[in-house]
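In what follows, a single structure is set out as structure tokens and then discussed.
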Amino acid sequence: MPDVISDETVVIFHYHLKNEAGDTLDKSGDSPMPYLHGAQNIVPGLEKEMTGKKAGDSFSAVVPPEEGYGPRHEGGIQQVPREAFPADVEIEPGMPFMLQTEQGQMVTIWIVDVADDQIKFDTNHPLAGETLHFDVEIVELRDATDEELEHGHPHGLDGTAAH
Ligand code: ZN
């Protein structure tokens with residue numbers, strides 16, 4: 001069992017994420033969340049703050065966009081006909097999608113709005129440009145399993161969850 005958070009530690013934690021105005025953007029539920037430290041499972045600014053912390057620690061962290069979900073780029077919002085997406089896929093606002101550009105690059109987009117025959121999307125992450133205010137409580141630390149290290153993410157709270 002690791003004493004402090006370093007690479008290859010699975011960290012089980014509660015978090016409450018607010019924006020600059022104090023509105024809740026996201027939070028863990030009844031059950032805490034696991035992530036694999038050093039594997040970019042969480043935004044870089046929070047991962048940095050986590051390094052060296054112990055089970056039982058609580059802290060607040062303010063993460064600027066550059067160390068969060070990135071700055072917001074102008075011109076990210078685009079509109080395409082519904083036919084541009086597979087017909088059998090249900091599309092809802094807030095959903096992320098992987099798209100291939102004409103140059104063959106894979107990019108992630110986020111659905112903003114779905115009208116009758118048009119889909120509006122944004123190439124910016126919904127939290128791009130936001131300064132992130134985290135309240136964190138570290139619940140438990142454990143060593144990652146070999147399989148988790150290979151995959152680069154935790155397999156549930158105890159490392160045995162299937163996916
Ligand atoms: Zn896996």
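Per-structure values
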read-out	value
Karplus 3J(HN,Hα) series, Hz, for the stretch 71-77 with 6.51 cos²θ - 1.76 cosθ + 1.60 (x for Gly, Pro)	x, 8, 8, 5, x, x, 7
For the stretch 14-25, Karplus couplings with θ = phi - 60° (6.51, -1.76, 1.60), whole Hz, Gly/Pro x	9, 9, 9, 10, 10, 8, 4, 7, x, 6, 6, 9
Over the chain: helical MRE at 222 nm, DSSP H runs n ≥ 4 each giving -39500 (n - 2.57), nearest 500	-2000 deg cm²/dmol
Where labels lie 7 Å past Cα in the beta-carbon direction, separation of ARG82 and GLU66 in nm	4.4 nm
Residue range of the chain that is longest and free of GluC sites (Glu not before Pro) which are both DSSP loop and sparsely packed (at most 11 other C-beta within 10 Å)	103-163
Local net charge near SER28, Cβ-Cβ under 11 Å (Lys/Arg +1, Asp/Glu -1)	-3
Separation in nanometres of the label points that stand 7 Å from Cα toward Cβ, at GLN40 and THR24	3.1 nm
Calculated FRET efficiency for the pair HIS73/GLN103, C-beta based, R₀ 22 Å, to 0.05	0.80
ILE91 versus ASP117: modelled label distance in nm, points set 7 Å from Cα along the beta carbon direction	1.4 nm
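Only the coordinates and a few stated rules stand behind these numbers; no lab work does. This structure is a prediction, so every number in the text was calculated from the model and none was measured. In this analysis, Cβ positions are derived from the backbone assuming ideal geometry, glycine residues included, and neighbour counts consider all displayed protein chains.
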